[in-house]
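Let me begin by presenting the structure, written as structure tokens, before commenting on it.
We did not get these values from a lab; they are worked out from the coordinates using the rules stated. Small disclaimer: the values here were computed from a predicted structure and weren't measured. Here the Cβ positions follow ideal geometry from the backbone for every residue, glycine too, while neighbour counts run over all protein chains shown.
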Amino acid sequence: MFFPEHLENLHSIGEAFALALQLVLSGDPDLLEIVALSLRVSLTATAVACLIGLPIGALVAISRFRGRTIVLVVMNALMGLPPVVVGLLVYLHLSRSGPLGFLGLLYTPTAMIIAQTILIAPIVAALSRQVLEDLHAEYAEQFRSLCLTRGQAVAALLWDARYSLLTVGLAGFGRAVAEVGAVIIVGGNIDHLTRVMTTAIALETSKGDLALALALGVVLLAISLSVNAAVQTLRLTATRQAYV
Amino acid sequence: MIRRTVGASAIALVFASAAAAQDQSIIVQSTTSTANSGLYDHLLPLFQDKTGIQVNVVAVGTGQAIRNAANCDGDVLLVHAKASEEEFVAAGFGAERTDLMYNDFVIVGPADDPAGIRGMSDAQAALTKIGQQGALFASRGDDSGTHKKEVSLWADTGIDPADASGEWYRETGSGMGATLNAGIGMGAYVMTDRATWISFGNKQDYAIQVEGDEDLFNQYGVIPISPEKCPSVNSEAAQTFADWLVSDEGQDAIAAYRVADQQLFFPNAPDS
């Protein structure tokens, strides 16, 4: 063979980038649909996970109680929840023969949002607990002198740490948008209904169309990059205004 | 007042159309081989144009498809493991099983053919040779229709490949395409259905080594899920889909699907 093997592989990586660019520029409606669903599912899951995880993280951060260390260990351990296990648990509940089967949610985007929320809420809770606990160490005395209730303290901490918490949210979003194990089980990777970027990549890989799979991977990375850039811009603009 | 009425009827319309759309969609639990080969992309638009029924395909291994269907998570089952399908119907989950189409399994392998099985047409003899020489063999290992067939072929060779699991016998526990990727990556022989093989895009130096054995016959069947066991099924639409597949029109559509100038599935539903 004329070309050593690694050069051929490099060639297919180059091909994937070209293909990715071509896919994006062509505005392929199927691709746009998949991208839109990926964003809708993972951004919604991130929002819900923040609604659940931030207050929990804040409460644990400011509270002192028996068994707190155990709670912290469990919270941190849950950050490593395997997506496939979460997918299976959600499947068993949402299946027609499961306790919540009557809702008819299996194989819908809602089921995917539920699975990803369960997956990333612990990440949001555990990371925000760490951020807020550090901040609380600075504020604790001031809170005491102002006689704030626990709820007021939580609200004050969350507000003052809002920019750091954006990064926490991004960590959750990154995990959600990149996982495939949970959404493929509860969504079923149904074309035009529950197919997202990661399940499309898995499908193209199993069809042996590695260049297209990699191209979709490049597009997914670009999406992730855009979301992070958008949040960073928002944060910079807001902090700049705060000092004007 | 008028605005309110318009608003209310608009909302009613949205809900009504959402409900109607819901009625007109079914879930088919099916195999990776039929989905990965692109058959559904060819068939479903034809069916949808005719009936307006949206068909959503969940493509998993036959074993998992049957389990999902037994959990009532689907309206139609379209798989390829006749014995398991008949059990499914006997257990009351399926209304009726009908032969739909067939193709065949082949054994693919690398160009240097380490076990020397190229051109053989006796699958068991070929597997025996692979086993005796300890040549690498990648198995689905996922209780799919293809896996069940492969296990049944080994059973008659007197070799128990499970003894060599992790050595020359590699169980990937994945779908057909993923197993082909893994097998090709490690230089192992793989048994695959012909449809997946023809449409597979990462063949490298692999080619069909063994084909043409009667034992490699691969029959697909279609079963609407029973509304008695699963009240949630859309049995009318499910039956419409099953009936269309076995009708002359559906059978012709299956026969017309070609990839790389080759027919992938051969319709053989009984004349109704």
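Among A:46-53, B:129-136, A:68-75, A:185-192, sorting by the average number of other beta carbon atoms lying within 10 angstrom of each residue, highest first, gives A:185-192, A:46-53, B:129-136, A:68-75. Of the DSSP beta bridges with both residues in the protein assembly as shown, give the percent that are antiparallel, rounding to the nearest 5. Here the share of antiparallel DSSP bridges comes out near 60 percent.
Ignoring solvent entirely, what values of log10 I(q)/I(0) come out of the Debye formula for the range A:24-196 at 0.08, 0.17 Å⁻¹ when each Cα is a single scatterer? Reported log10 I(q)/I(0), two decimals: -0.31, -0.99.
Equivalent-ellipsoid semi-axes for the range A:131-244 (Cα gyration tensor, √(5λ), whole Å, largest first): 42, 17, 10. Phi angles across the range A:32-37 convert, under the Karplus curve 6.51 cos²θ - 1.76 cosθ + 1.60 with θ = phi - 60°, into 3J(HN,Hα) values of 4, 4, 5, 4, 4, 5 Hz, Gly and Pro given as x. Pairs of Lys residues in the protein assembly as shown that lie 8 or more places apart, or on two chains, and have C-alpha atoms under 22 angstrom apart add up to 8. Pairs of Cα atoms nearer than 8 Å and 6+ residues apart set the relative contact order; for the range B:29-137 it is 22 percent.
Express as a percent, rounded to the nearest 5, the fraction of DSSP beta bridges in the range B:104-216 (both residues included) that run antiparallel. Walk me through the numbers before you get to the answer.
On the way: 7 of 13 bridges.
Here the antiparallel bridges make up roughly 55 percent for the range B:104-216.
Each listed q (0.09, 0.14, 0.21 Å⁻¹) maps to a log10 I(q)/I(0) for the range B:130-272 from the Debye sum over equal C-alpha point scatterers, namely -0.38, -0.82, -1.28. Estimated from helical segments only, the mean residue ellipticity of chain B at 222 nm is -13000 deg cm²/dmol, where each DSSP H run of four or more residues counts as -39500 (n - 2.57). Among B:Glu228, B:Glu171, sorting on how many other beta-carbon atoms sit within 10 Å of each Cβ, with the fewest leading, yields B:Glu228, B:Glu171. Counting Cβ atoms of other protein chains within 10 Å of each residue's Cβ and taking the mean over peptide A:144-155 gives 0. As a ratio to 2.2 N^0.38 Å, the alpha-carbon radius of gyration for the protein assembly as shown is 1.14.
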